[in-house]
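Here the structure is laid out as structure tokens; the discussion comes afterwards.
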Amino acid sequence: MSENAKVNVKGNDYDFPLLEGTEQEVAIAIKKLRGSTSGVITLDPGFKNTGSCKSEITFLNGEEGVLRYRGYDIEELANKANFLEVAYLVIFGELPTKAELVKFEKEVNDKSFVNEEMKKIVDGFPRSAHPMGILSSMTSALTAFYPTPLDISSDEAIYKAVVRSLGKFPVLGAWAMRKRNGWPLGYTDSKMNYIENLLKLLFERPSETFEPNQKVVRALNKLLILHIDHEQNCSTSTVRLIGSSHAGLHASISGGVSALWGPLHGGANQAVLEMLEAIQKDGGDVEKYIAKAKDKNDPFRLMGFGHRVYKNFDPRARIIKSSADEVLAELGVDDPLLDIAMKLEKAALNDEYFKARKLYPNVDFYSGIIYRAMGIPVEMFTVMFAIGRLPGWIAQWVEMRKNNEPIGRPRQLYVGKTQRDFVSIEKR
Ligand code: ACO
């Protein structure tokens with residue numbers, strides 16, 4: 001793109017290049033703004049208008065409800081591929097061949113063993129600890145057990161780190177839940193695939209041979225694929241920002257887990273279910289909660305509604321909604337919360353407040369109902385999200401390091417006191 005953006009600052013004209021992405025999105029490259037204007041910066045709290053990087057991983061068009069990983073439509077991937085196949089695509093850029101996938105799956109499983117010393121760390125947590133806190137700490141602790149810094153110039157070293165991370169993370173996530181339940185901490189089975197193993201890690205009882213329910217496996221496979229990446233969201237930006245200081249992969253992912261935990265981000269799936277339960281306990285009056293969400297004097301927000309970038313239906317929510325019906329029917333679960341969710345969705349979609357603000361159900365609105373039907377406890381919902389998001393965090397971290405991006409260091413507009421004299425304590 002040859003045109004420039006013209007900016008006039010305090011009577012002086014400046015030209016900044018316009019960059020165009022492969023989907024015709026346009027960005028003003030302001031790298032030289034501060035230097036050429038002697039100190040002027042842009043101010044964009046929440047980064048609603050700020051691109052932090054160029055990326056080849058995920059394309060998202062919030063206005064049209066489009067989501068693609070490496071050019072492939074999310075819907076096609078969710079319906080036709082398995083989780084590790086899509087993880088491979090997202091991390092390495094191309095779909096694996098059959099031989100590559102078989103090798104990848106085997107190696108991920110081989111590397112799922114976690115140093116037994118890690119169990120002592122799990123042991124130290126109180127049983128009341130939230131699994132996301134345990135997962136974040138345990139992911140960070142991996143750094144102590146695998147301290148060799150990753151040589152980003154070596155594809156082999158990257159591949160090994162990817163395999164190790166994908167192998168161990170679900171084990172740690174499941175341990176976080178088992179600790180809470182007082183259950184023994186287990187491992188994967190080399191004869192099972194990634195999703196079957198995840199269910200085994202979560203639900204296996206010492207006295208029984210674990211047999212995964214294939215309907216649950218298929219639904220979970222789809223659900224986790226939908227969560228793999230979502231470009232520069234809060235947790236992914238956190239992972240990239242931490243990694244930009246050349247902190248290690250696991251240290252960066254641990255920060256991503258913490259960022260995902262918040263109720264405005266991944267923690268929303270837990271918050272949605274708690275909200276639906278509260279509405280049910282309160283008699284199921286959906287209209288009352290719609291009114292509360294619209295009341296500016298009431299801090300209540302309709303959890304699972306609205307999205308920073310989707311100002312149209314979240315394409316993941318559409319896929320998840322149909323899969324919620326399917327899973328509940330297949331598992332023979334009749335969940336009154338699903339009825340409340342559907343009524344809430346219908347009421348909101350027909351309400352002027354929600355229509356005017358383009359607030360639609362997001363990915364979290366139905367995922368909690370599916371997890372609940374699968375027997376996954378509510379405090380584990382965000383851990384499941386994190387397990388799904390891991391390949392995306394890894395892909396973004398590797399891309400950031402391979403592109404040799406500079407350390408992330410935003411500026412600020414200082415609005416505090418100007419210089420003043422110190423007042424001794426006797427005179428204050
Ligand atoms: N319920 C009621 N009103 C809402 C909601 C909601 N869920 N979401 C946004 N609004 C309103 C705001 O009050 C605001 O109204 P105003 O213009 O009259 O002041 C307007 O819609 C715009 O809201 P913002 O907060 O500016 O929107 P933003 O894009 O910054 O926030 C967010 C997006 C954080 C997701 C927000 O919609 C929200 O809090 N939703 C509920 C939590 C949730 O579901 N989070 C999961 C996100 S998806 C994910 O992380 C996987």
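The values are calculated or read from the model by the stated rules, or taken from the named source; none is laboratory data. Predicted, not measured: the structure shown is a model, and the values here were computed from it. So basically every Cβ, Gly included, is an ideal-geometry build from the backbone, and we count neighbours across all protein chains shown. Ligands, DNA and RNA are stripped out before the accessible areas are found, and what is left, the full protein with its side chains, is counted by its heavy atoms. Shrake-Rupley method; radii C 1.70, N 1.55, O 1.52, S 1.80 Å.
Measuring r between the beta carbons of Ser207 and Asn404 and using R0 = 45 Å, the FRET efficiency lands at 0.25. The alpha carbon radius of gyration of the chain, expressed as a multiple of 2.2 N^0.38 Å, is 1.06.
In summary, the lysines within cross-link reach of Lys120, defined as a Cα separation below 26 angstrom excluding same-chain residues under 8 places away, comprise Lys111, Lys160, Lys168, Lys179, Lys200. Annotation: Met374 carries an accessible surface of approximately 20 Å², with a 1.4 Å probe and no ligand, DNA or RNA atoms counted.
Using the alpha-carbon centroid of each, what span in Å lies between the range 268-303 and the range 185-221? If we compute the Cα centre of each part, the gap is 34 Å.
How big is D, in µm² s⁻¹, for the range 1-82 by Stokes-Einstein at 20 °C and 1.002 mPa s if Rh is the Kirkwood radius over C-alpha pairs?
139 µm²/s
Solvent-accessible area assigned to carbon and sulfur over the range 292-399 amounts to 49 percent, based on a 1.4 Å probe. In the range 74-188, carbon and sulfur make up what percent of the accessible area (probe 1.4 Å)? C and S fraction of accessible area: 54 percent. Once the GluC sites (Glu not before Pro) in DSSP loops with at most 12 neighbouring Cβ atoms within 10 Å are cut out of the chain, the longest remaining piece is 209-428.
Multiplying the residue separation of Asp73 and Lys31 by 0.36 nm and removing their Cα-Cα distance gives an extension gain of 11.9 nm. Once the chain from Asn61 to Asp110 is taken as fully extended at 0.36 nm per residue, the excess over their C-alpha distance is 13.9 nm. For the range 31-158, the Kirkwood estimate of the hydrodynamic radius, built from every pair of different alpha carbons, is 19.4 Å. For the listed peptides 406-415, 239-248, a ranking on the average number of other beta carbons within 10 Å per residue, highest first, reads 239-248, 406-415.
Take the chain with all the other protein chains still there, run a 1.4 Å probe, and you get 52 Å² of accessible area per residue. Computed over the chain, the per-residue total of -39500 (n - 2.57) for DSSP H runs of n ≥ 4 gives a 222 nm mean residue ellipticity of -16000 deg cm²/dmol, rounded to 500. Inter-part distance, the range 345-367 to the range 145-160, computed on C-alpha centroids, equals 44 Å. Equivalent ellipsoid of the range 78-145: semi-axes from √(5λ) of the C-alpha gyration tensor, largest first, are 32, 15, 10 Å. Look at the alpha carbon pairs under 8 Å that are at least 6 residues apart: their mean separation over the length of the chain gives a relative contact order of 20 percent. P(r) for the range 323-428, from all Cα pairs and a bin width of 5 Å, is 2, 8, 11, 11, 10, 10, 10, 9, 8, 6, 6, 4, 3, 1, 1 %, short bins first.
Cross-link reach is defined here as a Cα-Cα straight distance under 19 Å, omitting same-chain residues fewer than 8 places apart; for Lys292 the lysines meeting it are Lys281, Lys343, Lys346, Lys355, Lys358.
Principal axis extents of the C-alpha atoms in the range 333-383 (largest first, rounded to whole Å): 36, 24, 12.
Loop-located trypsin sites (Lys or Arg not before Pro) across the range 100-180 with a Cβ neighbour count of 10 or fewer within 10 Å are Arg127, with loop assigned by DSSP.
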